[in-house]
């Protein structure tokens, strides 16, 4: 498959932290990532990253059996 694996607006993991992709440009470090600050912990962050360093959030895509039927 050619082209980017991720899209603008998609949430990804980068170095174990959750980011949203804000922009994509050609070349190395072509993904602009934004993270929101967590209440009373980390500050907001903006970074440029390589696609190879990004991981999808499987919490949205992995099937789970979390609806027990009595």
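The values are calculated or read from the model by the stated rules, or taken from the named source; none is laboratory data. This is a predicted model, so every value here is computed, not measured. Here Cβ is always computed from backbone atoms with ideal geometry, including for glycine, and neighbour counts include all displayed protein chains.
Exactly one residue among 53, 9 is at pLDDT 65 or above and surrounded by fewer than 10 Cβ atoms within 10 Å (Cβ to Cβ), and that residue is 9.
Let's see how each residue does on (1) surrounded by 10 or more Cβ atoms within 10 Å (Cβ to Cβ); (2) closer than 18 Å to residue 14 by Cα; (3) modelled with pLDDT under 80:
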position	(1), (2), (3)
26	no, no, no
31	yes, yes, no
38	yes, yes, yes
61	no, yes, yes
